[in-house]
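Notes follow the structure.
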Amino acid sequence: MKKFYFTALAVAFCYTTIAQDLSSTVHISAGTTVIVSSGTEVSASEINLKSTSDRFACLFLNDELDPTTVVNYDRYVNKIGSSSQGVGNDLISLPVKTSADATFSEFLTYTDGTNINSLIIPNAPSVPTIFAFGPYNNSNRSYTNYNAMTDGGVILKRGVGYRAASYNGQTVRFTGTATIASETVEISTNNNSWNSVGNPYTTYIDSQAFLSANSEVLDPSAQAIYAYNSGTNTDTGAGTFGNFTIINALTNTDVNIAPGQGFLVANDPIDSTNQLSFTTAMRIYEGTDDFILGRNANQNQMLRLKVENGTDKFATEIYFNANSSQGLDPGYDAALYGDNNLMVYSHLVENNLGKNMAIQSLGLNDLNDISIPLGLKAAQGQEIIFSIEANTLINEFDVYIEDTKANTFTLLNTNSYSFTANNAISGTGRFYLRFEDRALSTTVINTDVLQILASDQTLQINGLLLADTQVSVYDIQGRLVLSSILKEASDSNEIDVASLSQGIYVVKLYNNAQQQTKKVIFK
């Protein structure tokens, strides 16, 4: 990324003024950052900032510009179409401030001298005055498309996110002036808690600084930025679920928010309305794209579980780190946004309130033995396949999926699990994701007296038995599935378990002098 401090900027001003003998005009190309130091007088009458799909001009001010300096930001907007083709919509916001509130009608008239916004933003063929531009309405859970006839006088607000599209992947113009003033925008819970907001600056903003400053007004189960990605990285992007990429304290922590970029947040439902803040301290002059292209994040101690049905795919993620617990960890756990025909998600292991989680974080010690409830939404008649899409866990751990209806455990480290949905599925209770220390599949107990070993089809009991011993094997639901009596004084016994399905079981040994209970895994 190019970075020009004021010495370079001043040259540009002088050159433009002398060459054209007009009011000075500065053009900042996409991917270029201009930083204006404190105490520097900027005499340009016009500054034009450019952008592409993944590169954005950045004007970082340390003092306010003269209010007569016009700042135009030509903000890239995604091409209208199907998200499966990597196009569709964008979430954008106003990166400049106007001296008087700009209306939607005025916005439609903005032009770069060649193109005018009203010809760039698609309109409805049947009602040409309806444009693909408008805010999210959380009372009816849908986006508004402004009608120039009835909504022309609606004021466009800074800090609000607007859904927009362009005919061919073009830029729309915003005209006003750049500012370093803090901005607030009201977010609410009105039928649902989701709100569309956006970066109001000509700079990037630090996503982690934004989340830290607004943590008290965001839903504790969704203290995150939900960034629309148009479905372009649903197969591989960490923290990506459907058409949205989640940024929180755990995933995509290095992704910053581009100038004029919109995104979703969830209001804390304790208060029906809250004030969300954008402050000058959040501004930063570095970043990458506008979430549409996406990028991989640090996946340390993470498992991404994928479900697919032949046409659609969806995923959920489980993280293990030193900062999390089995309950809700605000800023680390993140609820699922939206609804899709095919979905997989988890519920919290402890203090579960029925919230569908896209990301669940747990403590590092939980890797030793944890069972996580999974939720699935799938249509009737589909073949559903579970598999591990990404795995950065250390090698000592096995990951199983349990299907309680089929009474099966499948080791996902080396296999996928498939079944046909005889009926439509929606909710939790059937599937569980289990993490086990790999040592449990070989030596589960090792004491001075007794040793229990589990192999493919055999349960081995080693050690001197001081009396006739009852051996009981229970499945994970506590049902007795096998029992046997071992004779006193024997020191090596084998029990055939070929009749049992692979999975996790509890073995209990009992006699008048010895007793032991341990968990084993039969593969």
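Which members of region 45-64 meet the condition of being part of a loop (DSSP other than H, G, I, E, B) and surrounded by fewer than 21 Cβ atoms within 10 Å (Cβ to Cβ)?
The initial filter retains those residues of region 45-64 that are part of a loop (DSSP other than H, G, I, E, B), namely 45, 50, 52-55, 57, 62-64.
Matches in region 45-64: 45, 50, 52, 53, 54, 55, 62, 63, 64.
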Fill in the blank from the handout: Being more than 20 Å from residue 415 (Cβ to Cβ), touching a helix residue (DSSP H, G or I) at 6+ places or on another chain (Cβ under 7 Å) and in a loop (DSSP other than H, G, I, E, B) narrows 328, 353, 348 down to just 328
Problem - Residue satisfying condition, being among the hydroxyl-bearing types (Ser, Thr, Tyr), touching a Pro at 6+ places or on another chain (Cβ under 8 Å) and at pLDDT 95 or above, within set 196, 188 - result: 196
Fill in the blank from the handout: Considering region 374-385, residues that are assigned to a strand (DSSP E or B) and in contact (Cβ under 8 Å) with a residue 60 or more places away in the chain, and then whichever is surrounded by the fewest Cβ atoms within 10 Å (Cβ to Cβ), we arrive at 383
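Output yes when any residue across region 11-29 is over 26 Å from residue 154 (Cα atoms), in a loop (DSSP other than H, G, I, E, B) and modelled with pLDDT of 90 or more, and no when none is. Reasoning before the result, please.
Residues of region 11-29 that are over 26 Å from residue 154 (Cα atoms), as a first pass: 11-29.
Narrowing the set further to residues that are in a loop (DSSP other than H, G, I, E, B) leaves 21-24, 29.
Of the ones still in play, those that are also modelled with pLDDT of 90 or more are 29.
Yes, there is a match, as at least one residue in region 11-29 is over 26 Å from residue 154 (Cα atoms), in a loop (DSSP other than H, G, I, E, B) and modelled with pLDDT of 90 or more.
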Handout entry: Pick from region 145-188, criterion under 24 Å from the mean Cα position of the chain (by Cα) and either charged (D, E, K, R) or not in a strand (DSSP E or B) (or both), ranking: surrounded by the fewest Cβ atoms within 10 Å (Cβ to Cβ)
Key = 186
Handout entry: Qualifying strands (runs of 3 or more DSSP E) (wholly inside region 470-523; at least 3 residues being out of contact with any helix residue (DSSP H, G or I) (no Cβ under 7 Å at 6 or more places or on another chain) and on the phi > 0 side of the Ramachandran plot)
Key = none
Completion exercise
So, first residue on the phi > 0 side of the Ramachandran plot and modelled with pLDDT under 95 in region 165-178, second residue among the aromatic types (Phe, Trp, Tyr) and crowded, with 18+ Cβ neighbours inside 10 Å, Cβ within less than 8 Å, six or more apart or across chains; the pairs are 169/76
Completion exercise
Every listed condition ((1) in contact with a Pro (Cβ under 7 Å, 6 or more places away or on another chain); (2) surrounded by fewer than 19 Cβ atoms within 10 Å (Cβ to Cβ)) holds for residue 95 save (2)
Practice task
Can you work out which of the residues in region 448-479 that are touching a Gly at 6+ places or on another chain (Cβ under 8 Å) and among the hydrophobic types (A, V, I, L, M, F, W, C) is modelled with the lowest pLDDT?
Solution key: 449
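The values are calculated or read from the model by the stated rules, or taken from the named source; none is laboratory data. Remember, it's a predicted structure, so these values are computed and weren't measured experimentally. All Cβ positions, even for glycine, are placed from backbone atoms using ideal geometry, and neighbour counts span all protein chains on display.
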